[in-house]
Amino acid sequence: MQAFRASFRARDSRKAADERDASGERIIAGRRSSGRRSADEATLRQELNEDLVSLLNTVSLDSSQDLRDYSFVAKSILNFGLADLTRISIDEAAVETIATQLRTALRAHEPRLVASSIEVERDRSVDPRTLTIRFNIRADMVATPMDVPVNFVADLELESAKMRISRLAT
């Protein structure tokens, strides 16, 4: 994915890639060789953040369709996202359900996170009058030569049912 994102950011996807030197030898275009370079930790975190925002703000298919008879669909990319959060209240039982849904969605749809390392915990220090429910999430991001620990905050804004990711740091 990094090669595609780098090309998108550089806005070079429509530039001609078949470049030749004076003798007619082909020059390997920079955008083609960029996929071979490894990404630094900051880039990995930035890309993880972008994908987490997409995952946590997408309504899953099982919010509108009963998938009990279709277990493979329920676990597939067709069911990407979280349950519809527009009906969630600040009720404690409902909030605990969200934590479980977060953990399940991250394990099912974010392969860069080590599934067994994902921990989702409610942050009770946020005033309920702000209509925000905060979750602290810890996990290990798969990386070579060793996994990288990541911590981030997921704030659910109850008015809009949108999830905001912040503080994606070590």
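The values are calculated or read from the model by the stated rules, or taken from the named source; none is laboratory data. All of these numbers come straight from a predicted model, not from anything done at the bench. As a convention, Cβ positions derive from the backbone with ideal geometry for all residues, glycine included, and neighbour counts pool all protein chains shown.
Which of (1) at pLDDT below 90; (2) assigned to a helix (DSSP H, G or I) is the odd one out, the single condition Thr86 does not satisfy?
(2)
If Ser71 passes every condition in (1) surrounded by 13 or more Cβ atoms within 10 Å (Cβ to Cβ); (2) modelled with pLDDT of 85 or more but one, which one does it miss?
Result: Ser71 passes all but (1).
Identify all residues within the range 152-168 that are under 20 Å from Ser63 (Cα atoms) and surrounded by fewer than 16 Cβ atoms within 10 Å (Cβ to Cβ); write none if there are none. Can you show your working first?
First, the residues of the range 152-168 that are under 20 Å from Ser63 (Cα atoms): 156-163.
Across the range 152-168, the qualifying residues are Glu157, Glu159, Ser160, Ala161, Lys162.
Only one of these is over 14 Å from the mean Cα position of the chain (by Cα) and assigned to a strand (DSSP E or B): Arg129, Arg134. Name it. Steps first, answer last, please.
Working: Arg129 fails: assigned to a strand (DSSP E or B).
Only one candidate passes the filter, namely Arg134.
Scan the range 44-100 residue by residue and report those that are within 30 Å of Val126 (Cα to Cα) and hydroxyl-bearing (Ser, Thr, Tyr).
Those that are within 30 Å of Val126 (Cα to Cα) and hydroxyl-bearing (Ser, Thr, Tyr): Ser54, Thr58, Ser60, Ser63, Thr86, Ser89, Thr97, Thr100.
Checking the conditions here, which among Thr58, Thr43 is at pLDDT 90 or above and of a type in the set (Ser, Thr, Tyr)? Before the answer, list the steps.
Details: Thr43 fails: at pLDDT 90 or above.
Residue meeting the stated conditions: Thr58.
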